[in-house]
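Peer 1: Before we start, here is the structure in question, set down as structure tokens.
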Amino acid sequence: MDKKEILHLLKEAPIESLLESANTILEKTKGNHVHIRGLIEFSNICSRNCLYCGLRAQNKDIKRYSLTQDNILDAAGAAINAGCDTIVLQSGEVSGAPQWLGEVVREIKNNFHLPITLSVGERKRQDYEYWRDCGADRYLVKHETADPILYEKLHPGFSLNDRINCLKILKELGYEIGDGFMVGLPGQTLESLADDIYLTMQLGADMCGVGPFIPQKNTPLANYANGSPDLVLRIIAILRLALPNANLPATTALATLDPALGQKNGLLAGANVLMPSFTPAEYAENYIIYDNKNRVAVKEAKEVIESCGRTHPLG
Ligand code: SAH
Ligand code: SF4
């Protein structure tokens, strides 16, 4: 699939036939099963200032927290007891020594013998290497937008190239890489979304999380409109055609804009992963990446999957 074809699918392809093709491929590559990643948002402390995100360092109107290693292990145990098949450890980006998180990864790995995903932003190759040696298997760092000028506007002082480089290094180190981008960012065009899909293909992403941009009131983008859930669904379907074997989550952001049907529609568009949160509630309420964040718990995840006639590992 080249950029022209992608743009055609984005602009003109009838949605029904796109969804039908995506489902045919999904059945062949992934079957009926939906994977469950247990998400632990272990700290909302962040040194960066991404214009769209409520965790940005300049936001003083947020209570910062960091779970202890024991808190994280307890949350991981709860996720695994519930039936999750991977743990995802996510936080804001900080530049501290990698050992603390490495110890957590090692403990979870030794206790539970499951794949572990990290999502803690841009780091040096040595840190990625160290965490891999501690037992991390997958890494999620979305390129966010493939438009280099928009990228620099949204991430003052940082470059798209550096972000892409992280994904390349992670791939070289043997990680399964999780890419992704937001839909409906101010200034984003359909042409640039075609570039997002194309870049994800070029990087050979094993996973790709696509969600609508949702404004957060304490950020410079507070007054912009959210991204279109329908466009996100179309993009999930195109990604299923572009990357037949990739793991595609129906993101929490979809469930935030449409609590009743967001994630169900994501699964029906070709997604095969849900990521319920196992962050203890008293902390999760301060993980305010965007406003009105829907907390997708195990019970809802089960209901959504079963309502699509699909299977899951949840007890
Ligand atoms: N700090 C790490 C991981 C946490 S942020 C990192 O930035 O990689 C996780 C994801 O939340 C980001 O990749 C971004 O795509 C998403 N996000 C942040 N703010 C958002 C917003 N306002 N609307 C939708 N998604 C957002
Ligand atoms: Fe920090 Fe990630 Fe939010 Fe950027 S998107 S401000 S790096 S938590």
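Derivation of every value follows stated rules applied to the coordinates shown; laboratory data play no part. Just so we're clear, the structure is a prediction, and the values are computed from it rather than from any experiment. Cβ sites come from the backbone with ideal geometry, for glycine too, and all protein chains shown count toward neighbours.
Peer 1: When only C-alpha pairs under 8 Å and at least 6 residues apart count, what is the relative contact order of the range 42-200, in percent?
Peer 2: 20 percent
Peer 1: Multiply the residue gap between Asn165 and Trp100 by 0.36 nm, knock off their C-alpha separation, and tell me the result in nm, one decimal place.
Peer 2: On the way: separation 65, 0.36 × 65 = 23.40 nm, distance 2.44 nm.
Length gained, Asn165 through Trp100: 21.0 nm.
Peer 1: Pop out the ³J(HN,Hα) list for the range 116-130 in order, Karplus 6.51 cos²θ - 1.76 cosθ + 1.60 with θ = phi - 60°, rounded to Hz; leave Gly and Pro as x.
Peer 2: 10, 10, 10, 8, 10, x, 7, 9, 5, 3, 4, 5, 4, 5, 4
Peer 1: Find, among the GluC sites (Glu not before Pro) in the range 9-72, those assigned to loop by DSSP (not H, G, I, E, B) with at most 14 other beta-carbon atoms within 10 angstrom. Present the calculation step by step, with values, prior to reporting the outcome.
Peer 2: Values: sites: Glu12, Glu16, Glu20, Glu27, Glu41; in loops: Glu12.
Listed in order of number, the matching sites are Glu12.
Peer 1: Report the full-extension gain for the segment Lys28 to Arg125: residue separation times 0.36 nm, less the Cα-Cα distance, to one decimal in nm.
Peer 2: Full extension of this stretch gives 31.3 nm more.
Peer 1: Work out the FRET efficiency for Gln69 and Glu285 from their Cβ-Cβ distance, taking R0 = 25 Å, and round it to the nearest 0.05.
Peer 2: 0.70
Peer 1: Ok, one more. Give me the percent of DSSP beta bridges within the chain that run antiparallel, rounded to the nearest 5.
Peer 2: 5 percent
Peer 1: Say the cut-off is 18 Å between C-alpha atoms; which of Lys124/Lys168; Lys142/Lys171; Lys3/Lys264; Lys264/Lys299; Lys142/Lys217 go over it?
Peer 2: Lys3/Lys264; Lys142/Lys217
Peer 1: While we're on this one: With the cut-off at 12 Å, report for the range 257-311 the share of all Cα pairs above it, as a whole percent.
Peer 2: 67 percent
Peer 1: Is the shape of the range 152-253 best called rounded, prolate or oblate, per the rule: a/c under 1.5 gives rounded, else a/b larger than b/c gives prolate, else oblate, with a ≥ b ≥ c the square roots of the Cα gyration tensor eigenvalues? Can you show the working numbers first?
Peer 2: On the way: a/c = 1.94, a/b = 1.27, b/c = 1.52.
Oblate, since a/c reaches 1.5 and b/c is not below a/b.
Peer 1: Using +1 on the beta carbon of Lys and Arg, -1 on that of Asp and Glu, and nothing else charged, what's the dipole of the chain about the Cα centre, debye to 20?
Peer 2: 220 debye
Peer 1: Give the whole-number value, in cubic angstrom per residue, of the convex hull volume spanned by the C-alpha atoms of the chain.
Peer 2: Each residue corresponds to 120 Å³ of Cα convex hull volume.
Peer 1: Lys/Arg Cβ at +1, Asp/Glu Cβ at -1, dipole of the chain taken about the Cα centre: which of Asn265, Leu118, Ala57 is farthest positive-ward?
Peer 2: Ala57
Peer 1: Please list, ordered by chain and number, the residues whose modelled amide H lies under 5 Å from the amide H of Gly209; skip anything fewer than 5 residues away on the same chain.
Peer 2: Residues meeting the criterion, in which the H sits 1.01 Å from N, are Asp179, Gly180, Phe181.
Peer 1: Convert each backbone phi in the range 20-26 into a coupling constant with the Karplus relation 6.51 cos²θ - 1.76 cosθ + 1.60 (shift: θ = phi - 60°), then list the ³J(HN,Hα) values in order as whole Hz, x for Gly and Pro.
Peer 2: 5, 5, 4, 5, 4, 5, 4
Peer 1: If we sort 203-215, 77-89, 101-113 on the protection proxy, mean other Cβ atoms within 10 Å, highest first, what's the order?
Peer 2: Put in order of decreasing packing, that is 203-215, 77-89, 101-113.
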